[in-house]
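Below is one structure, written out as structure tokens; comments come after it.
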Amino acid sequence: MNPDALRGHMDALILSVLEHEPLHGYAIIEALQERSSGALAVPTGTVYPALRRLERTGYLDSEWATVGGRKRRTYRLTSAGRTHLAGERTAWQSFAGVITSVLQPRSAG
């Protein structure tokens, strides 16, 4: 997938992955890949800065946890993050509807 197509949507994708369970950074990357059937191979250099930004805005909380004997920062969606995600979903559905209506072939006439 073209990385430019993700611009502006990464925050919503990360929030969506964290909607049902807290995850550490690498697990978020794996979830994005799995949920997209491999189409989203997002580099760590994109995900970790986004996680820090989402935490600063109050959409995520984090804590250190030991996973498999290793300390990892685990991220969890906040109530503000849930509200923001709902808004992002609404905005995406509206945007996708507009783009679909433009891209659909029209009958000649």
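Read-outs throughout are calculated quantities, based only on the coordinates presented, and are distinct from any laboratory measurement. Quick caveat, the model's predicted, so the values are computed rather than measured. Cβ coordinates were reconstructed from backbone atoms using ideal geometry, including for glycine residues, and neighbour counts include every protein chain displayed.
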Simple spin-label estimate for Lys71 and Gln93 in nanometres, 7 Å along Cα-Cβ: 4.3 nm
Distance between segment 3-57 and segment 79-109 - C-alpha centres, whole angstrom: 20 Å
Dipole in debye (nearest 20) - the chain, about Cα centre, beta carbon charges: Lys, Arg +1; Asp, Glu -1: 180 debye
Calculated P(r) of the chain - Cα pairs past 21 Å, %: 42 percent
